[in-house]
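The structure appears below as structure tokens.
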Amino acid sequence: MFELKYQTPFEWTEAVLADFNTFLQDHAAAEKKASGMAISMLSHYPDKRKLVKAMTDLALEELIHFKQVLKLLTERDTTLGDDQKDPYIKQIRALFRHGRDGFLMDRLLVGGVIEARGHERFSLVAQALPEGKEKEFYVAIAKSEEKHKNLFVELAYEYFDKEEVDVRLEELLVAEAEICKSIPFTAALH
């Protein structure tokens, strides 16, 4: 449906593989926060039936992903870890416009961009991992993230003019690329 403007280099994947337990802790936190974001969206827009249904399904799916990552952590005898501030999320959320419609459109489109970045990076992890359960998990998670990226844009098209959505999405993609370039590579999703 759309393409990211910044392609994550292999150096990011190397940082992840060098400290995979920390990456898993960050991934678990991201899934937990994604589930909470979906609940927040359906709570703020109860009059938008398609959004409510989609966010209900998404919240449950993200919580299942959280549980799956938690299982991987347990198998590695690694604790969940404390939630860390995510500079990527902080910077991308700063792009939200004010006003009910602009804010909703931006929440949807930024959600799609974040899911697209997750798809790209989980795919890189899946490619780099050796054959086995973790590789299979990351292949599946990457596919799920791709589906989610499209869901958010489709919801934006449902509630707003397609041309306006496309223009704003392009602006957000350009800004997101700059954010990605500015953040050092660590064993974190973003």
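Hydrodynamic analysis of segment 13-103 uses the Kirkwood radius over alpha carbon pairs. Inserted into Stokes-Einstein at 20 °C and 1.002 mPa s, it gives a translational diffusion coefficient of 145 µm²/s. Working note: 222 nm ellipticity from helices only, DSSP H runs with n ≥ 4, each -39,500 (n - 2.57), summed and divided by the residues of the chain, gives -26500 deg cm²/dmol to the nearest 500.
Rg/Rh for the chain stands at 0.96; both radii use Cα atoms, and Rh follows the Kirkwood definition. When only alpha carbons are used to place a centre, segment 45-76 and segment 104-138 end up 14 Å from one another. Our coupling estimate for segment 173-182, obtained by passing each phi through the Karplus curve with A = 6.51, B = -1.76, C = 1.60 and θ = phi - 60°, is 5, 5, 5, 5, 4, 5, 4, 4, 5, 8 Hz, Gly and Pro reported as x. Taking only protein heavy atoms and a 1.4 Å probe, the accessible area of the chain is 56% carbon and sulfur. Computed over the Cα atoms of segment 110-190, pair by distinct pair, the Kirkwood hydrodynamic radius stands at 13.8 angstrom.
The values are calculated or read from the model by the stated rules, or taken from the named source; none is laboratory data. As the structure is a prediction and not an experimental result, all values here were calculated from the model. Side chains included, ligands, DNA and RNA excluded: accessible areas come from the protein's heavy atoms. Shrake-Rupley method; radii C 1.70, N 1.55, O 1.52, S 1.80 Å.
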